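The values are calculated or read from the model by the stated rules, or taken from the named source; none is laboratory data. The structure presented is a predicted model; accordingly, all values stated were derived computationally and were not measured. So basically every Cβ, Gly included, is an ideal-geometry build from the backbone, and we count neighbours across all protein chains shown. SASA here: full protein model, heavy atoms, side chains in, ligands and nucleic acids out. Shrake-Rupley method; radii C 1.70, N 1.55, O 1.52, S 1.80 Å.
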2 protein chains.
Amino acid sequence: MKGISILGSTGSIGKQTLDIISRFPERFCIVGLAAGKNITLLKEQILNFKPEIVSIKDKDDAIKLSKELKSESVEILWGEKGAEVVASHTKADLVVSAMVGVSGLKPTLSAIKSRKNVALANKEVLVMAGSILTLEALKNGISLIPVDSEHSALFQALRNSKKEFVKRLILTASGGPFLNLPKEKLADVTPEMALKHPTWHMGRKITIDSATLINKALEIIEARWLFGIEPKYISVWIHPQSIVHSMVEFIDGSIIAQMSIPDMRIPISYAISYPDRLPMDGNYNMSRAFGELSFEDADRGKFPALSLAYDALEEGGTMPAVMNAANEMAVQHFLKGGLKFLNIITVVKQVMDLHKTLTGDSLDEILESDNWARRTAESIISGYEN
Amino acid sequence: MKGISILGSTGSIGKQTLDIISRFPERFCIVGLAAGKNITLLKEQILNFKPEIVSIKDKDDAIKLSKELKSESVEILWGEKGAEVVASHTKADLVVSAMVGVSGLKPTLSAIKSRKNVALANKEVLVMAGSILTLEALKNGISLIPVDSEHSALFQALRNSKKEFVKRLILTASGGPFLNLPKEKLADVTPEMALKHPTWHMGRKITIDSATLINKALEIIEARWLFGIEPKYISVWIHPQSIVHSMVEFIDGSIIAQMSIPDMRIPISYAISYPDRLPMDGNYNMSRAFGELSFEDADRGKFPALSLAYDALEEGGTMPAVMNAANEMAVQHFLKGGLKFLNIITVVKQVMDLHKTLTGDSLDEILESDNWARRTAESIISGYEN
């Protein structure tokens, strides 16, 4: 029986993880859950999965939940510290890190330091603190297992291969909903348009990131840290069908690819069952052949977001964290309707240009730069807003 | 230093194997070579690679070669027994089995019984005696490493996966040169037309087998034995670009595929270097994205050769050997111009229909059925010839 704690249990990945776990009660038990503000859903999850411990963002919600669940034996905590306690609970073998953005950083580090294997869905924590997290993972002898479909594909394709045999990683990108939209029309893109992803159903933030392609930039940085591969050996190919989730090219000319229908439950199931595989039901099978698949090199001129990743990695230190934070702010304002679609990447680039890079050797430095980037982005965005 | 013996050194696979080995003199040395009738090329190979032992098909050629190579220290043998001695030479770590057809059977078995790992290019030996060979491989604790591009792909995709996680194997087929030719035009296909394969450069026999698609039937049987997978879990998809060489679908809906440009040197290099990979030069790399790849389920109505494989495996025993032998005869007659293209599969089916299946537990029974099938095919073919 594998004990699992989920950080971000009421989000898109958290819900899908629980859906899979509910189908395999003989293999998994839920040890802990940490959530944000969705108290109704968290309560339902507690009653269904009977965790030992949960944590919710706000103290008031924790108190409310405690009252409503008086008869349950669950321990109820709150805030970042609460999430850290959930992440390090002694009965957890694996922690699913699926909080959105910076809030997941300290709890994820907590899980690693408590020698838990981590199924990592929160790519931002690796973008911000990849060097620190991968070093801690190595020191503590734990596995960072990717949940992102692209990195799960790379992880599966690389499995047990020595790094000396790897020539490069090829990340695939659907190109998002606006792949074939003429550039002049991008100016008029609304949040409703950007939230309609052609192949994947995901959370709101990542769907917008896919439309701007900065999601792929974050994934380049994530891949660099997860697999210890230099950025120049990471390529991006546009593949609109989202069937091939990524590939590894080896020194002998062989490419190993992982494919599936685009459904996050597949990489989630692999991350929680690794090194085994779970029998998923018929809907996940390729009952018929793929049809047509197409691939083309991603043009960094056409997709300026990609260049930001290579620039941020070349600069190193706190720059990737700044890129990530500026993007979070810009996406928030775009979703609220205050920032135009095309200005999301412009804002990120402007904030990066203004940043004086620090080494990023400590979490404090990273969080300080993250904060600086948010404030700077806000101020730049206010200039764009009417 | 890995000692390698090659059975069939003057054939297409043999020559390409030596080409690769010549580029890595620090990793490989040639222990033995066995060849058929090409005495000129064998002599050249002896002078270049300095093997300890060689064997050639005919005694007269062996005597001639001995005279011409008086100053060399190489031991020169002949015939099937000679090839068996080459296959079991004490200094060989790996034997590349690349003779065409039935002639490779006993030498390959000899290699296995002498506890050599075998890089298997001769799929007919597995088709004929898959049960015997795989049992001997298991008993002797050796690896059968496929050289065929499709099976190399499956081998790479399966690597280290437990069989319980495999849902099915998906063999890809280019469909050959006549994929889009209307059926009525197939009647007029000449050997010259059939020898022009759209994506692969291979030997003559296998090129014709690719045009009739019986090559894919042989590969289904080969996969069944190499990977111990029931035939009903082996599918065929038509994939005209020959980039995806085959795939494994797992129980969780993940498909792992191996891809490369269509060049036999890639799977050969993997077979001789496994579990490592050799750095092949730039020509083997995917410098640009694939472009369009297409896949469709292979229709057994349209490709009757595929059904023969499932029929032969269901019947079991000596039936696959009979299918293979009848096909060898039919292809010979087609290449000589005496049999029409469409009648190749008809002849194979007729011989199979006439066969009274034996258990196939002994090599003698298999070779007897092989002989019977050749005689029967000859007699049927003479009825078709003008």
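Values computed for the structure shown
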quantity	calculated
Matching residues, the stretch A:180-195, being within 19 Å of the chain's Cα centre (by Cα) and assigned to a loop (DSSP other than H, G, I, E, B)	A:LEU195
Check on A:ILE261, within 16 Å of A:HIS151 (Cα to Cα) and modelled with pLDDT under 95	yes
Filtered residues of the stretch B:108-163 (kept if among the polar types (S, T, N, Q), touching a strand residue (DSSP E or B) at 6+ places or on another chain (Cβ under 7 Å) and open to solvent by less than 30 Å² (accessible area, probe 1.4 Å))	B:THR108, B:ASN122, B:SER149, B:SER152, B:GLN156
Any hit, the stretch B:290-310, residues being crowded, with 16+ Cβ neighbours inside 10 Å, within 14 Å of chain A (Cβ to nearest Cβ) and either in a helix (DSSP H, G or I) or touching a His at 6+ places or on another chain (Cβ under 8 Å) (or both)	yes
Those residues of the stretch A:1-58 which are assigned to a loop (DSSP other than H, G, I, E, B) and within 21 Å of the chain's Cα centre (by Cα), in sequence order	A:GLY8, A:SER9, A:THR10, A:GLY11, A:GLY36, A:LYS37, A:ASN38, A:LYS57
Residues being surrounded by fewer than 24 Cβ atoms within 10 Å (Cβ to Cβ) and either touching a Lys or Arg at 6+ places or on another chain (Cβ under 6 Å) or of a type in the set (A, V, I, L, M, F, W, C) (or both) - total across the stretch A:311-323	2
Meets criteria (of a type outside the set (A, V, I, L, M), within 11 Å of another protein chain (Cβ to nearest Cβ) and open to solvent by less than 10 Å² (accessible area, probe 1.4 Å)) for A:HIS239	yes
Count - residues of the stretch B:17-28 that are open to solvent by 30 Å² or more (accessible area, probe 1.4 Å) and touching a helix residue (DSSP H, G or I) at 6+ places or on another chain (Cβ under 8 Å)	3
All positions within the stretch A:164-185 that are surrounded by 16 or more Cβ atoms within 10 Å (Cβ to Cβ) and polar (S, T, N, Q)	A:THR172, A:SER174
Qualifying residue in the stretch B:123-141 (condition: assigned by TED's automatic domain parsing to the domain that holds B:LYS50 and assigned to a strand (DSSP E or B))	no
Any pair with Cβ under 6 angstrom, 6 or more apart, that starts in the stretch A:329-343 at a residue that is among the aromatic types (Phe, Trp, Tyr) and ends at one that is buried (at least 17 other Cβ atoms within 10 Å of the Cβ)	A:PHE334/A:ILE344; A:PHE341/A:VAL189
Evaluation of A:LEU278 against (1) open to solvent by 10 Å² or more (accessible area, probe 1.4 Å); (2) within 11 Å of chain B (Cβ to nearest Cβ); (3) not aromatic (Phe, Trp, Tyr) (one fails), failing number	(1)
Test for B:VAL189: is it closer than 28 Å to B:LEU293 by Cα, within 13 Å of another protein chain (Cβ to nearest Cβ) and either touching a residue at least 40 places away in the same chain (Cβ under 8 Å) or touching a Leu at 6+ places or on another chain (Cβ under 7 Å) (or both)	no
Only one of B:GLU219, B:GLU249, B:GLU230 that is within 8 Å of chain A (Cβ to nearest Cβ), farther than 22 Å from A:ARG168 by Cα and not hydroxyl-bearing (Ser, Thr, Tyr)	B:GLU249
Which numbered condition B:MET99 fails, given (1) more than 30 Å from A:GLN258 (Cα to Cα); (2) part of a helix (DSSP H, G or I); (3) not charged (D, E, K, R)	(2)
Residues satisfying the stated conditions in the stretch A:252-275, i.e. more than 7 Å from chain B (Cβ to nearest Cβ), in contact with a helix residue (DSSP H, G or I) (Cβ under 6 Å, 6 or more places away or on another chain), within 25 Å of A:SER235 (Cα to Cα) and part of a helix (DSSP H, G or I)	A:PRO267, A:ILE268
Matching option when the condition is assigned by TED's automatic domain parsing to the domain that holds B:GLN16 and in contact (Cβ under 8 Å) with a residue 40 or more places away in the chain, among B:VAL118, B:VAL86	B:VAL86
Whichever residue in the stretch B:342-386 is in a helix (DSSP H, G or I) and hydroxyl-bearing (Ser, Thr, Tyr) and, among such residues, is least open to solvent (accessible area, probe 1.4 Å)	B:SER369
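Rundown of residues vs (1) among the aromatic types (Phe, Trp, Tyr); (2) over 22 Å from the mean Cα position of the chain (by Cα); (3) at pLDDT 95 or above, yes/no style:
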{"site": "A:MET280", "(1), (2), (3)": "no, yes, no"}
{"site": "A:ASP297", "(1), (2), (3)": "no, yes, no"}
{"site": "A:PRO304", "(1), (2), (3)": "no, no, no"}
{"site": "A:TYR310", "(1), (2), (3)": "yes, no, yes"}
{"site": "A:ALA321", "(1), (2), (3)": "no, no, yes"}
{"site": "A:ALA325", "(1), (2), (3)": "no, no, yes"}
